[in-house]
Every structure is written in C-alpha cells, then in structure tokens.
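All remarks here apply to the structure that follows.
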Amino acid sequence: MAMKDMRRSDWSRILSRRYASRPCRFRGREGRVSLLVIEEAAEPLIVQDAGEELNIVERGYAWVQIAMKDQPFWLTAMFDERGELLQIYFDITGGNRFDDPENPTFEDMYLDIVVNSRGELYVLDRDELDAALTAGTITQSQHDRAEQACQTLCQYLKKNRPAVQALCRRAYRELKALL
C-alpha cells in the first residue's frame with residue numbers, strides 16, 4: 001500500500017508550491033488541516049468527473065487537506081485559481097498517522113469517494129481494493145474495514161454534503177489568509 005503525506009512532498013508534478021497547515025478540531029476530534037497552493041506544475045492533472053474531464057492541478061490551484069486522528073479517511077478539496085470548489089475527494093485509509101504532527105501521513109486503502117461541484121457523490125476504485133485483496137496486498141479484515149468506512153462516509157455525506165462543502169470553503173479562506 002502506498003503511504004502519502006500532507007505536504008505531497010514526493011509529487012514531482014508540482015514544481016513550486018506554497019504550504020500552510022495548522023491543527024484543527026472537528027466534533028471533538030483532533031487533526032490537521034493544510035492548504036497547498038500550486039505555483040508551478042509540470043503539467044495539468046485531468047481526471048474524469050461523472051463522465052466529464054476536470055483539471056485539478058494548474059498554476060494557482062489549491063488543495064485543502066483534512067486528516068483527523070482515529071478516522072479511516074482523508075479529505076482533499078480542490079479549488080481553482082478563482083477559489084471555486086472543484087471537487088472533494090476522500091481517500092479511504094488504513095489509518096492517518098501523526099508521527100510528524102506537521103506532516104501527517106496515511107496508508108491508502110485504494111477506495112475513494114468523490115463529491116463533485118454539482119454535489120454528486122460516487123465511489124471510485126472498488127476494483128483496485130478487490131484486486132489488492134486477491135493479490136494478498138491487504139487482508140480480508142482490511143478489505144472489510146475499507147468497505148465499511150466507505151459505506152459509513154457515503155451515508156454521512158448524503159445527509160451532510162452542504163456542511164462538508166462549507167467546511168472546505170472556510171478552511172480554504174482561513175489558510176489562504178496565512179499565506
């Protein structure tokens with residue numbers, strides 16, 4: 001399984017960046033929130049969003065990331081150069097680690113949830129999760145926990161999507177002011 005960090009320090013696509021982060025609390029849980037502003041990218045990153053192409057990496061774009069302790073997901077909200085929310089992406093994780101409190105990491109469990117700018121919600125990469133189980137990269141228990149986390153988070157998002165979008169926009173504004 002891949003380990004990813006909040007600074008996205010191994011991401012060679014980003015040639016120049018500004019970064020700010022701070023501790024956060026949400027519903028009694030501690031975590032970290034960050035803003036990565038892309039100053040220069042080697043190339044755009046185009047993803048499929050409900051059948052349409054969407055650019056999520058470009059000069060001036062920004063990513064808000066929120067990682068909470070003891071939660072099986074990692075939130076990344078992508079904003080364009082005007083500060084418009086493009087999409088919210090949830091990585092289902094095998095745990096968020098805060099060994100380095102300034103730069104948390106997570107173990108990627110393959111399964112992802114997207115909430116696009118139209119508020120549509122969909123699950124990605126279930127096939128990758130199943131393939132990891134078949135290959136022995138993850139155990140049945142890890143597979144089941146990832147599926148359960150995905151189901152629980154989808155249920156939460158269906159009821160609380162506007163609040164999550166508002167949280168991402170507020171974090172973007174607050175951290176942008178720090179830069």
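The values are calculated or read from the model by the stated rules, or taken from the named source; none is laboratory data. In this text the structure is predicted, and so the values were computed from the model without any measurement. Cβ placement follows ideal geometry from the backbone for every residue including glycine, while neighbour counts extend to all protein chains displayed. SASA here: full protein model, heavy atoms, side chains in, ligands and nucleic acids out. Shrake-Rupley method; radii C 1.70, N 1.55, O 1.52, S 1.80 Å.
Below, the figures for the structure above:
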quantity: Among Leu45, Ser21, Asn116 the positive-end extreme of the charge dipole of the chain (Cβ point charges); calculated: Ser21
quantity: For the range 144-152, Karplus couplings with θ = phi - 60° (6.51, -1.76, 1.60), whole Hz, Gly/Pro x; calculated: 5, 5, 5, 4, 5, 4, 5, 4, 4
quantity: Cα-based Rg and Dmax for the range 1-133, where Dmax is the largest Cα-Cα distance (Å); calculated: 14.6, 41
quantity: Loop-located trypsin sites (Lys or Arg not before Pro) in the range 18-124, at most 10 other Cβ atoms within 10 Å (DSSP); calculated: Arg27, Arg82, Arg118
quantity: Apportionment of accessible area to carbon and sulfur, the range 1-134, percent (1.4 Å); calculated: 45 percent
quantity: Inter-centroid distance (Cα atoms) of the range 15-91 relative to the range 119-179, Å; calculated: 13 Å
quantity: Only Lys, Arg (+1) and Asp, Glu (-1) charged, at Cβ; the range 1-75 dipole about Cα centre in debye; calculated: 620 debye
quantity: Sites excluded, GluC sites (Glu not before Pro) in DSSP loops with at most 16 other C-beta within 10 Å, longest stretch of the chain; calculated: 121-179
